[in-house]
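Peer 1: I am attaching a structure below and will ask some questions about it afterwards.
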Amino acid sequence: AVTPSNSGFKANINVAPSTVTFDYKVPDAAADQMDIMVANPDPVATSYGESVPLTFRHVLAAVNVKVGSVPSGTITSIKFTGVYNKGSYYPSSNEWTNRNIEDGGEFNVTLPESGLSVGSASNGTSITTEKTSFMMIPQQLFTGAEIVVSFIPTGRTEPLTLRASIQGDVWEMNTTTNYLINIS
């Protein structure tokens, strides 16, 4: 069972070999991404009417962004690129397969409309919140995955585009990965 039904987590029942899989595409907006929990019961006796113990587990990886050491200025955008955003989950083996990138695999961090003012006092400030944390398919990021920051230093009018490779980073199931934006 999947609830709510509009979560994007779609069940597939495969009669032979009697397995269930779930296909999932991560919504573009972090606010639309839900933490998905799955329970896979142990085999039960055929006597009906008895309770079935369930152990729930988180099957996604949370990704957050914080301000690190930065000069005074305004961060106007932050985005992740080259991220797997579609895959299939197998509850019986608790694993994700068939991961791929659809529509560029880009995810924008939610920022205030005028950008985020930062400076030395911002060090450690969380940019993502409980509602804007990314809930991603667990993965090891491949070649080309990066975080891209648009930053306007105080006293300038044109933004600088800063890129950092996140290739090889691992977003594990049921864990949180934090990225610290450092600008020198």
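FYI, it's all coordinate maths here, none of it is from the lab. Predicted, not measured: the structure shown is a model, and the values here were computed from it. Here the Cβ is made from the backbone with ideal geometry for all residues, glycine too, and neighbour counts use every protein chain on show.
Peer 1: Among the residues of the range 150-184, count how many are within 15 Å of the chain's Cα centre (by Cα), surrounded by 14 or more Cβ atoms within 10 Å (Cβ to Cβ) and not in a loop (DSSP other than H, G, I, E, B).
Peer 2: Residues meeting the conditions: 3.
Peer 1: Read through the list (1) touching a residue at least 24 places away in the same chain (Cβ under 8 Å); (2) outside any strand (DSSP E or B); (3) more than 15 Å from ILE78 (Cβ to Cβ), then give the number of the only condition that THR128 fails.
Peer 2: Going through the list (1) touching a residue at least 24 places away in the same chain (Cβ under 8 Å); (2) outside any strand (DSSP E or B); (3) more than 15 Å from ILE78 (Cβ to Cβ), THR128 breaks only (3).
Peer 1: Is at least one residue of the range 91-106 of a type in the set (Phe, Trp, Tyr) and touching a residue at least 60 places away in the same chain (Cβ under 8 Å)?
Peer 2: There is at least one residue in the range 91-106 that is of a type in the set (Phe, Trp, Tyr) and touching a residue at least 60 places away in the same chain (Cβ under 8 Å).
Peer 1: Which count do you get for residues in the range 67-96 that are surrounded by fewer than 20 Cβ atoms within 10 Å (Cβ to Cβ), assigned to a loop (DSSP other than H, G, I, E, B) and not polar (S, T, N, Q)?
Peer 2: 4
Peer 1: Hey, another quick one. Test ASN64 against the stated conditions and say whether it is more than 30 Å from PRO153 (Cα to Cα) and either part of a strand (DSSP E or B) or in contact (Cβ under 8 Å) with a residue 24 or more places away in the chain (or both).
Peer 2: no
Peer 1: Please find, among ALA61, ALA121, the residue that is surrounded by 11 or more Cβ atoms within 10 Å (Cβ to Cβ) and of a type outside the set (S, T, N, Q).
Peer 2: Every option except ALA61 fails the conditions.
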